[in-house]
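Okay, structure first, notes after.
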2 protein chains.
Amino acid sequence: MTLDPVLSQIDSDLDASLERLKDLLRIPSISTDPAYKAECDRAADWLVEDLRSLGADASKRETPGHPMVVGHIDGPGPHLLFYGHYDVQPVDPLDLWDNDPFDPQIEETPKGKVLRGRGTSDDKGQLMTFVEACRAWKAVHGTLPCKITFFFEGEEESGSPSLIPFLKENADELKSDIALICDTGLFDSRVPAITTMLRGLLGEEVTIIGPNKDLHSGMFGGAAMNPIRVLTRIIAALHDESGRVTVPGFYDGVPELPDELMTQWEQLGFDYKAFLGDVGLSDLAGEAGRSALEMLWSRPTCEVNGIGGGYQGDGFKTVLPSKASAKISFRLVGTQDPHAIRKTFREMVEAMVPRDCTVAFKEHGASPASVMSIDNPAFEKAREALSDEWPDEAAFIGSGGSIPVAGYFQTLLGTESMLIGFGKDDDQLHSPNEKYDIESFHKGTRSWARILHNLSV
Amino acid sequence: MTLDPVLSQIDSDLDASLERLKDLLRIPSISTDPAYKAECDRAADWLVEDLRSLGADASKRETPGHPMVVGHIDGPGPHLLFYGHYDVQPVDPLDLWDNDPFDPQIEETPKGKVLRGRGTSDDKGQLMTFVEACRAWKAVHGTLPCKITFFFEGEEESGSPSLIPFLKENADELKSDIALICDTGLFDSRVPAITTMLRGLLGEEVTIIGPNKDLHSGMFGGAAMNPIRVLTRIIAALHDESGRVTVPGFYDGVPELPDELMTQWEQLGFDYKAFLGDVGLSDLAGEAGRSALEMLWSRPTCEVNGIGGGYQGDGFKTVLPSKASAKISFRLVGTQDPHAIRKTFREMVEAMVPRDCTVAFKEHGASPASVMSIDNPAFEKAREALSDEWPDEAAFIGSGGSIPVAGYFQTLLGTESMLIGFGKDDDQLHSPNEKYDIESFHKGTRSWARILHNLSV
């Protein structure tokens, strides 16, 4: 089956494919907020319908959380498992959005046309690049070059509580020759990338409870323990002066970067000044003596993602709060054990809590880092397909983000994953005014058409 | 004019006087939140009407903020300026209230009857004890034993921005022989008190700004500076291991307690274990080696009243926030200079902000401590009146709270203040389920009737 007419079909169908994507983006499928449960359901239904329009045997699969979507289309080539997620991040602070995050609009920008809205890049836009590539193959050839199993999750942005049980229960249906995961980015506008190194993620919520009620800071201040003081002391102790994380045993299993990879990364000529400059920063804030790409791809981190306690409204309230809490996440690399780190982290925190306070912990996911073995010939076939579509050669890179599903496919299905995506550093994932370049969507769809072709021969 | 029939009148009018108080409490006059501006106005109107019903020449005085209420009633004795405030604290967290904070109810408790609701004790309930005492005098004798000027403020819980200019503009109208301020408490249920030592208050809001937008902590974490990390480091540095505040020069002007006062306070037999035990605590959290009453009355403090940054909703969001902020207050004693401390505090913070972050400060009031001179014979007359009403002798005590108006009366009107109030430690000021004991209200009203009598002879 020839590739060129498929690429032409993608070009001529671009506007219609963008309209389909906008339909999906209008559904506010925020998985972490229970208030949006019905919307997540609606997004799953939308995808089931769309897969059926491709002739897929598709269905919505209930879970204790948000539903999964699974669809099958038979084909001659190898069996590919395609993964994407239809849920999105919350949109607060809403006042920082220039437009309604769920009313996606195409905008002209100095860097070209973009589609702006929550989920455009993470991950609905990326997910649809693959679906549209299949649609084009189907339209031109009436069939697909490979056997495809579509697998869409609705809990990726909220710790994927149902993923492991679902994979275990449906392993036979889902295991494939190779998995394709579209939730990563290009190295830059010229250099496409296959991500072979992903950081793991450990999420912890820490709540320090002091007095049994909010107190008047004039009446009790100075004599009663203030939980904010305890919490800030703990957080301040999580990093040392050199930027290293102080949790005992944290660096166990953190490997040094292999020389050849170090060299390859240096050749990428990553401009960290420009990378930070885009977001108004100029200095690397990580461990002293590490390169920017190490900090972002191959070194572990500890970040506070949220903190709150006491009065945060307008004006001032002289309250001594009953409690204060923080959401803390660790990015993990190599063979760092999230469960061992959770244990030592909690022990470290407990040791810093005075007798008059108690601490409550809440788990928010624990996934190890994953490093792909690129021996599978599919990696080289995909790399060539990407290099044909984009200006420069594709690179094997790392990613600071965490995509636990790759590790689960490996351990639970025995299926290796290729992480290929078309996002850009300025897509503002998880932030106000998230966008996805039309170029990412268009060339991304063409890239998948080429990859399907290369994998089928 | 005889006192006893006035006391009987107060007793027989108790239920009616409680209904009047409930009327005032139903108005949600939260001064710090602009959303409640009209309600503050409504509370002022209510007071003007009530003073007029006593025959006072009363009026609402507009200010750039919430209005003041001023009323005059002539009389034979000395000229007394009575101060109270009609504004209240916000009510969040609302879910911790057992009832609607603005639908006050009388409750039976193991310690006796209480009136529960926002403002019952701070300060509407206390303010009305004086008004009701005047009402009883008027009802019995048709006139008051002293010349009274009522002065009610509506911005006490939000830094009193209009107070100083108003006092300057209306000094001639307001200056009196002595001021009576009803915004403090009893020492305990048996021992009434005149507060002669008040801590000052310095309020600062600190906002640390890092990246120009919220970032994905996977994409940028480890390389980009996190403002929460900077803010928590600063807050953790505000106290040393011994609990002392580390702001340079902070202890300049902090006096040691005079021996005689130290002795008198020791004789009060303050049970700090019970005081802290009521709120679920057991250990003194202040400077090592200081007594509980010193920590609460005569030592300065630094407390964080609120902190916020990043994602605080349900679930988890791997965001690296653009900014984080904290509301910090200092309780001041002796001759500590709030403006000098604000300056050194800001310098200390600025020195801890890395190059990639900026800091923004917002002022929330700056008032020095005030120490009353008790030479004025009115103090002894009032002490005797209180001792007649309550089981034990009245005491001269300190207070951890800040009542800047006493200092302003001194400097701007040349009028000394007597701080007399009937609140109890378990009134839950500024907290959910605030209450005022019926005993406080009833015996408080009787106490004022006695004080007016003693001051008139």
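Observations
- When the range B:118-266 is described by a simple charge dipole with +1 on each Lys and Arg Cβ and -1 on each Asp and Glu Cβ, the residue from B:G159, B:Q264, B:M197 located farthest towards its positive end is B:G159.
- Each part reduced to its alpha carbon centroid, the range A:383-446 and the range A:248-290 end up 19 Å apart.
- Charged-residue dipole, Cβ positions (Lys, Arg, Asp, Glu), the range A:90-243 about Cα centre, Debye nearest 20: 260
- On a per residue basis, the range A:145-192 carries 32 Å² of accessible surface, using protein heavy atoms and a 1.4 Å probe.
- Placing unit charges on the Cβ atoms of the charged side chains and taking the dipole of the protein assembly as shown about its Cα centre, the candidate lying farthest along the positive direction among A:S298, B:V131, A:G185 is A:S298.
- More than 19 Å apart - percent of Cα-Cα pairs taken over the range B:351-457: 61
- At least 50 Å² accessible surface lost relative to isolated chain, residues of the range A:232-259 (1.4 Å probe): A:T232, A:R233, A:A236, A:H239
- Per residue, the convex hull spanned by the Cα atoms of the range B:237-280 measures out at 115 cubic angstrom.
- The range B:145-277 shape via C-alpha gyration tensor axes, a/c threshold 1.5: oblate
- Accessible area of B:H239 in the full protein assembly, 1.4 Å probe (Å², nearest 10): 20
- Anisotropy class of the range B:9-100 from Cα gyration tensor, a/c 1.5 cut: oblate
- In this assembly of identical copies, the label point of B:E347 (Cα plus 7 Å along Cα-to-Cβ) is separated from its counterparts by 4.4 nm, sorted shortest first.
- Each principal axis of the Cα cloud of chain B was evaluated for its coordinate range; sorted largest first, these ranges are 79, 49, 48 Å.
- Within straight-line reach of B:K138, meaning a Cα separation under 25 Å, sit the following lysines at least 8 residues removed in sequence or on another chain: B:K22, B:K60, B:K124, B:K147, B:K175, B:K381, B:K443.
- Ranking B:Q428, B:W46, B:Y408 by how far each Cα lies toward the positive end of the dipole of the protein assembly as shown (charges on Cβ) leaves B:Y408 at the top.
- Phi angles of the range A:112-122 translate, via the Karplus equation with coefficients 6.51, -1.76, 1.60 and θ = phi - 60°, into HN-Hα couplings of x, 6, 9, 9, 10, x, 5, x, 4, 9, 10 Hz per residue; Gly and Pro are given as x.
- Check: the range B:112-181 dipole with +1 on Lys, Arg Cβ and -1 on Asp, Glu Cβ, in debye: 460
- Residue order for B:D172, A:D283 - accessible surface, 1.4 angstrom probe, largest first: B:D172, A:D283
- Nm distances between copies for A:P258, ranked from closest, using label points 7 Å along Cα→Cβ: 8.1
- The C-alpha atoms of chain A define a longest principal axis, and helix A:14-25 lies at about 30 degrees to it.
- At 7 Å out from Cα toward Cβ: A:G280 inter-copy label distances (nm, ascending): 3.7
- Once the 1.4 Å probe is applied to the protein heavy atoms, the range B:216-365 comes out at 38 Å² accessible per residue.
- When Rg and the Kirkwood Rh are both derived from Cα coordinates, the Rg/Rh ratio for the range B:308-378 amounts to 1.19.
- The protein assembly as shown: translational diffusion in µm²/s, Stokes-Einstein, Kirkwood Rh over Cα pairs, 25 °C, 0.890 mPa s: 80
- Over the range A:67-217: Rg over Rh, Cα atoms, Kirkwood Rh: 1.08
- Mean partner shielding of peptide A:292-304, defined as the number of other chain Cβ atoms within 10 Å of each residue Cβ, is 5.
- Neighbourhood net charge (10 Å Cβ-Cβ; Lys/Arg +1, Asp/Glu -1) for B:L3: 0
- Viscosity 1.002 mPa s, 20 °C: Kirkwood-radius Stokes-Einstein D of the range A:11-55 over Cα pairs, µm²/s: 185
- Each residue of the range A:398-404 is assigned a 3J(HN,Hα), and the resulting list reads x, 9, x, x, 10, 10, x Hz, derived from the Karplus form 6.51 cos²θ - 1.76 cosθ + 1.60 (θ = phi - 60°), x at Gly and Pro.
- Helix-only mean residue ellipticity at 222 nm for the protein assembly as shown, each DSSP H run of n ≥ 4 adding -39500 (n - 2.57), per residue, nearest 500: -9500 deg cm²/dmol
- Accessible surface buried by the B/A pair amounts to about 8000 Å², both sides summed, 1.4 Å probe.
- Surface composition of the range B:28-151: carbon plus sulfur atoms contribute 52% of the solvent-accessible area (1.4 Å probe, protein chains only, all chains present).
- Along each principal axis, taking the top coordinate minus the bottom one, the Cα set of the range A:276-408 gives 63, 36, 29 Å in descending order.
- Each DSSP beta bridge with both residues in chain A is either parallel or antiparallel, and the antiparallel ones are about 70%.
- The alpha carbon gyration tensor of the range B:251-350 gives principal lengths a ≥ b ≥ c with a/c of 1.5 or higher and a/b no greater than b/c, which makes the shape oblate.
- Cα centroid of the range A:1-67 to Cα centroid of the range B:5-64, whole Å: 61
- DSSP-assigned coil residues among trypsin sites (Lys or Arg not before Pro) in the range B:355-393, each with at most 13 further Cβ atoms within 10 Å: B:R355
- ³J(HN,Hα), Karplus 6.51/-1.76/1.60, whole Hz, each residue of the range A:418-426, x for Gly, Pro: 10, 9, 10, x, 10, x, 10, 4, 9
- Dipole check for chain B: with +1 at the C-beta of Lys and Arg, -1 at the C-beta of Asp and Glu, and the Cα centre as origin, the magnitude is about 1120 Debye.
- The range A:196-233 and the range A:312-326: distance between their alpha carbon centers, rounded to Å: 11
- Of all lysines in the structure, those lying under 23 Å Cα to Cα from B:K273, and not within fewer than 8 positions of it along the same chain, are A:K213, A:K323, B:K111, B:K424, B:K435.
The values are calculated or read from the model by the stated rules, or taken from the named source; none is laboratory data. Keep in mind that this is a model prediction, so the values were computed, not measured. Every residue, glycine as well, gets a Cβ built from its backbone with ideal geometry; the counts of neighbours run over all protein chains shown. Keep in mind that these areas ignore ligands, DNA and RNA; they rest on the heavy atoms of the full protein, side chains included. Shrake-Rupley method; radii C 1.70, N 1.55, O 1.52, S 1.80 Å.
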